Amino acid sequence: MNLAIIGATGNVGRKTIEVLEKSNLEIDNLFLIASKKSAGQTLFFKKKEIIVQELEKYDFSKAEITIFAAGSEIAKNWVPEASKKTIVID
């Protein structure tokens, strides 16, 4: 399964990554997405280095499920578009 986390560098996003690391979910690809300011940062998931991508440039069709761990304003602006291409959890 491919999974994305919007707001990956924030507190909720980092906690979501932590919870997923402890789970037994089969995650093939984890896409970590954040603001332009945070894009390019490196985070780790199961000892694998992942570069954070910019939300404005992200293709929502890459993940079967997308978790919004950002604020309500981000969700309000992006969930309608995301939900056309992925299952959204907000």
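The values are calculated or read from the model by the stated rules, or taken from the named source; none is laboratory data. Everything numeric here is computed off the predicted structure, so don't read it as measured data. Backbone-built Cβ (ideal geometry, glycine too); neighbour counts: all protein chains shown. In case anyone asks, the SASA skips ligands and DNA or RNA and just uses the protein heavy atoms, side chains included. Shrake-Rupley method; radii C 1.70, N 1.55, O 1.52, S 1.80 Å.
Results, tabulated for the structure shown:
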item	result
Solvent accessible area, Å² - GLU81, 1.4 Å probe, full protein context	80
Surface per residue (accessible, 1.4 Å probe) for the chain, Å²	61
Mean separation of Cα contacts under 8 Å, 6 or more apart, over the residue count of the chain: relative contact order %	33
Max mean-square fluctuation residue, GNM over the chain, Cα-Cα springs under 10 Å, options LEU25, LEU55, LEU43	LEU25
Percent carbon-and-sulfur accessible area, the chain, ignoring ligands, DNA and RNA, probe 1.4 Å	52
Lysine pair number, Cα distance threshold 17 Å (strictly under), the chain, separation 8 or more or different chains	14
The chain, helix-only ellipticity at 222 nm - DSSP H runs n ≥ 4, -39,500 (n - 2.57), divided by all residues, nearest 500	-8000 deg cm²/dmol
15 Å beta-carbon shell around ALA70, net charge (K/R +1, D/E -1)	0
Rough spin-label spacing in nm, given labels placed 7 Å along Cα→Cβ, for MET1 and GLU73	3.1
Heavy-atom SASA rank of VAL52, VAL88 (probe 1.4 Å, accessible area, largest first)	VAL88, VAL52
